[in-house]
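Encoded as structure tokens, the structure appears first; notes follow it.
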Amino acid sequence: MDKLLIEGGTILEGTVQISGAKNSAVALIPAAILADSPITIDQLPDISDVHTLCELLREIGGDVSFKNHTFFVDPSHMVDMPLPNGPVKRLRASYYLMGAMLGRFHKAVIGLPGGCNLGPRPIDQHIKGFEALGAKVTNERGAIYLRADSLHGARIYLDVVSVGATINIMLAAVKAEGQTVIENAAKEPEIIDVATLLTSMGAKIKGAGTDVIRIEGVQKLHGCRHMIIPDRIEAGTFMIVGAAAADHLLIDNVIPQHVESLTAKLREMGVEVQVGEDQILVAGRSNVLKSADVKTLVYPGFPTDLQQPLTSLLTQAEGTSIITDTIYGARFKHIDELRRMGANVKVEGRSAILSGPAQLEGAKVKATDLRAGASLVIAGLMARGITEIIGVEHIDRGYDHIMEKLRGIGANIWREPMHEDEARETLKEQE
Ligand code: EPU
């Protein structure tokens, strides 16, 4: 197990290439299960979540390869193998195997990961959708059992706007008999990406990206080639890196519309952001940062996944800032770590209240989840001295070669093996 070390204070400059979207990738790969011939997906991010899903598809009989960011699977010999334990438990998004296997085999057994560092993350809306389509769903010893004699279209109103439930219901419904309508659907770009792949496979889907999605079931889905969308959260993270520590940082391979809420917030804070066709230039470091209030919302609102990274930047803003997470009210595990580094911040309910600017100092800190990790990397880049981050495996789940990308723009960042006692403690916590 490694830890990440950062010597802060270096002025960054250059271009960062954005990888394919993690939150699309973890749905596109399970979607391939629904095809009866090979699927190729280009530009998938090289992250551990993608490797875990490749492992799971192999476990059920898929012929899978993942080389140079290109994913290939021949799903024709897959079987309805139960997946109650093992790698499935490492990955929150393994819930997409439920929709995909239910759609193809009319049955599935998928283990659920336990507690999560963002607080409770129920899947009641996914289950409500599967049941409406005709499945019987039970929870037996930490695994979800799904069975259906046949699947039929249904009208499903989501009580909570959920990315996962919207995608999962699409996966289960594309081969169901008749029409499915998902109302109050989520509108995130990743949903459009999954619908685009399914449509290339022969599915009939209308309205992805709006809050009503209509699906006409088809009998067969075939292989195809698909190019994933760029990762808007990785792009946003690097925009914040630019604002925090770069004179000029060019973010390449981004869909600017996907990060509009962040662009607006950074400009409000006094950061210069220039938007091109598929590039964004951020010139931030030399400006005095103004405080800002931020509230996370469903897309196109400010994404919860950028709340933690932006909090690190807000420690440098003059005056009081309030950042409220309406999606995950407990996504504040990074705050204690930022305080350890000298940030003036406290949590009240669903909000973090900051007063700045505060001089950050390097410290030993712990990434408790993926985006908490990103926030600590950003804090480390701004801090005086050396910051040591443990829990790097969380960062590796979702950021493609973050250390190499940061080094490419001049950051002084490196990995070292963890001391035995640190590694032992981390393993104990993960049990
Ligand atoms: N919710 C329910 N019931 C459900 C499903 C969701 O109450 O059945 C609630 C959740 O507890 C949450 C809200 O609805 O309060 C939204 O959750 P959603 O289902 O949209 O989240 P998700 O699909 O589980 C995805 C991303 C998350 C991202 C959220 C919100 C993937 C694999 N994960 O999760 O990404 O934070 O949408 O945009 O796509 C990350 O990338 O770090 C990450 C956690």
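Data for the structure
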quantity	calculated
Residue in the stretch 86-105 that is in a strand (DSSP E or B), more than 15 Å from the ligand (Cβ to nearest atom) and under 25 Å from the mean Cα position of the chain (by Cα) present	no
Extreme residue, surrounded by the fewest Cβ atoms within 10 Å (Cβ to Cβ), among residues of the stretch 355-397 that are among the β-branched types (Val, Ile, Thr), away from the ligand (no atom under 16 Å from the Cβ) and under 15 Å from residue 414 (Cβ atoms)	386
Test: residue 127 is out of contact with any Pro (no Cβ under 8 Å at 6 or more places or on another chain), free of Cβ contacts under 8 Å to residues at least 24 places away in the same chain, within 14 Å of the ligand (Cβ to nearest atom) and not basic (Lys, Arg)	yes
Pair list, Cβ < 8 Å and 6+ apart or interchain, from the stretch 90-103 residues that are free of Cβ contacts under 8 Å to residues at least 40 places away in the same chain to residues that are more than 10 Å from the ligand (Cβ to nearest atom) and assigned to a helix (DSSP H, G or I)	90/52
Residue ID - nearest to the ligand (Cβ to nearest atom), chosen from residues in the stretch 282-304 that are surrounded by 14 or more Cβ atoms within 10 Å (Cβ to Cβ) and aliphatic (A, V, I, L, M)	298
Residue match in the stretch 90-113 (condition: on the phi < 0 side of the Ramachandran plot, surrounded by fewer than 15 Cβ atoms within 10 Å (Cβ to Cβ) and in the same structural domain as residue 176 (by TED's automatic domain parsing))	no
Checklist (1) in contact (Cβ under 8 Å) with a residue 12 or more places away in the chain; (2) touching a Pro at 6+ places or on another chain (Cβ under 9 Å) applied to residue 140, failing item	(1)
Any hit, the stretch 370-383, residues being under 25 Å from the mean Cα position of the chain (by Cα), modelled with pLDDT of 95 or more and either more than 30 Å from residue 46 (Cβ to Cβ) or not in a helix (DSSP H, G or I) (or both)	no
Strands (runs of 3 or more DSSP E) fully within the stretch 18-83 counting 2 or more residues that are among the basic types (Lys, Arg) and within 16 Å of the ligand (Cβ to nearest atom)	none
Which listed residue is in the same structural domain as residue 206 (by TED's automatic domain parsing) and at pLDDT below 95, from 139, 168	139
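The values are calculated or read from the model by the stated rules, or taken from the named source; none is laboratory data. All of these numbers come straight from a predicted model, not from anything done at the bench. Positions of Cβ are backbone-derived with ideal geometry, glycine not excepted, and every protein chain shown enters the neighbour counts.
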